[in-house]
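Encoded as structure tokens, the structure appears first; notes follow it.
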Amino acid sequence: MTKERIILGIDPGTTIMGFGLIKVTNKKMEFLQLNELQLSKYDNHYQKLKIIFERTIELIETHCPDEIAIEAPFFGKNVQSMLKLGRAQGVAMAAGLSRDIPITEYEPKKIKMAITGNGNASKEQVAKMLQQLLGLKELPKNLDSTDGLAAAVCHFFNSGKVVVGKSYSGWDAFVKQNEERVKK
């Protein structure tokens, strides 16, 4: 039986919101789309939030994603920027939740680590790795859309691996807490 699902990845922002879609058939991923929503032409922050919500709903209705992966806001020094970014993320999440779509949030470092193996990778390194992984012919000028796509791919790579509340100090601790997974 073929198991198929669509993952929508979102990189929220109030200047540019990047997004990407992949289709997963069994354990193989396939690129569907990546794009960005340009918001810099709008002066009103609340208007931007409304557009983020409406565009996310439109993506959901067009592509019928089974899951949404969203990049979590990173902690910066500018509190106002954090607040605006958090609002943008919340509005995108509300759009998905209004359609009963499960949402998973990933820290930027976790997304970079999943794609490149380096949590400190640059946007360009992430984009190039996605290009190789998904066979993209060319990369977009702005890399916000590849950041959205990276969230979707990160979610695919982490599917079935998400364990909440466990942390390990090393291999010994991992083995001790997961004895049922160790082959004897």
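The values are calculated or read from the model by the stated rules, or taken from the named source; none is laboratory data. The structure presented is a predicted model; accordingly, all values stated were derived computationally and were not measured. Quick reminder, even Gly has a Cβ in these numbers, built from the backbone with ideal geometry, and neighbours come from all protein chains shown. Quick note on the areas: whole protein, heavy atoms, side chains included, nothing else; ligands and nucleic acids left out. Shrake-Rupley method; radii C 1.70, N 1.55, O 1.52, S 1.80 Å.
Side notes on the structure shown:
- Against the test of being touching a Ser or Thr at 6+ places or on another chain (Cβ under 9 Å) and of a type in the set (Ser, Thr, Tyr), the options 98, 40 yield a single qualifying residue, 40.
- Residues in segment 32-50 that are buried (at least 17 other Cβ atoms within 10 Å of the Cβ) and more than 14 Å from the chain's Cα centre (by Cα): 32, 37, 39, 48, 49.
- Within segment 33-49, residues that are touching a residue at least 24 places away in the same chain (Cβ under 8 Å) and under 17 Å from residue 83 (Cβ atoms) have Cβ atoms under 7 Å from residues that are open to solvent by 70 Å² or more (accessible area, probe 1.4 Å) and of a type outside the set (Val, Ile, Thr) in these pairs: 45/84; 48/42; 49/87, counting only partners at least 6 apart in sequence or on another chain.
- Positions within segment 14-23 being surrounded by fewer than 24 Cβ atoms within 10 Å (Cβ to Cβ) and either within 15 Å of the chain's Cα centre (by Cα) or free of Cβ contacts under 8 Å to residues at least 24 places away in the same chain (or both), in sequence order: 16, 21, 23
- The single condition among (1) surrounded by fewer than 16 Cβ atoms within 10 Å (Cβ to Cβ); (2) more than 16 Å from residue 19 (Cβ to Cβ); (3) of a type outside the set (Phe, Trp, Tyr) that residue 58 does not satisfy is (2).
- Residue count for segment 88-132 under the criterion of being touching a residue at least 24 places away in the same chain (Cβ under 8 Å) and among the hydroxyl-bearing types (Ser, Thr, Tyr): the result is 3.
- For segment 110-152, taking the residues that are within 23 Å of residue 65 (Cα to Cα) and small (Gly, Ala, Ser), the one that is surrounded by the fewest Cβ atoms within 10 Å (Cβ to Cβ) is identified as 135.
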